[in-house]
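Q: Please find one structure pasted underneath; my questions will follow.
None of the figures in this text is laboratory data; all of them are computed from the coordinates on show. Computed from a prediction, not measured in an experiment: that's the story for all the values here. Neighbour counts run over all protein chains shown; Cβ positions are idealised from the backbone, glycine included.
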Amino acid sequence: MKWLIGIGAAVLLLLIMPIVAKIDYQGAFEIRVGLFFPFLKIYPIRPRKKDKKNGSLKNKSKKKKDNQKEKAKLKLDRALIFGLLKKFPGYFKRLLIIKAIEFDGVIGNEDPADLALTYGGVSAALESAVAVISPLYPVEKWKVRLEADFEKQESEIQGLLIAKTNLLRIVAVLISFAFYAIMNQNDESK
């Protein structure tokens, strides 16, 4: 009986343990994930050392390149992503807790007209992000700075997003997706 209580406690602990993700952009993207704090880097992945003894790694790398080419052909459309986000905002709100959003951008370019177009595009992208993410994380807590500098030749953009969830939230959202699919299938069959 004690082992059953121990297993139940361990499962409950696993369900409520926070899973934290950190997306950082400092000239290049870095994505870290972990329990309680983001410690495991999942992107960019370090290249593995080649094995000189057997050529099996070479064959695997060729297969991976072919798979990457096939995946590159399947491009996600921005309208598709925004449609999904607009369709299920309640699910995302239940699934994610956003802890921090920071964006610091200084737009620069040699040509003032190109600078103005780039600044307008980045500003429009930020406004779209506000429309999608504001139900999840209040805009008042965002740390966003965007400015145009006509004296700079290059743009400097830095960003940070920290979000957390847990397995209990993931399971609850998956169960609600299943109920939603079953209910819609029953409505279509009638």
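Q: Cross-link list K41/K141; K93/K143; K2/K22; K2/K93: which exceed 32 angstrom alpha carbon to alpha carbon?
A: Over 32 Å Cα-Cα: K2/K22; K2/K93.
Q: Pick out, in residue order, every one of the GluC sites (Glu not before Pro) in region 109-142 that is DSSP loop and has at most 15 other C-beta atoms within 10 Å; say none if there are none.
A: E110
Q: Related question: Taking R0 as 35 Å, what's the FRET efficiency between Q26 and I170 from their Cβ-Cβ distance, rounded to 0.05?
A: Given R0 = 35 Å and the Cβ-Cβ separation, E is 0.75.
Q: Go ahead and run the numbers for FRET between L15 and V139, Cβ-Cβ distance against an R0 of 35 Å, rounding to 0.05.
A: Efficiency, from the Cβ-Cβ distance: 0.65.
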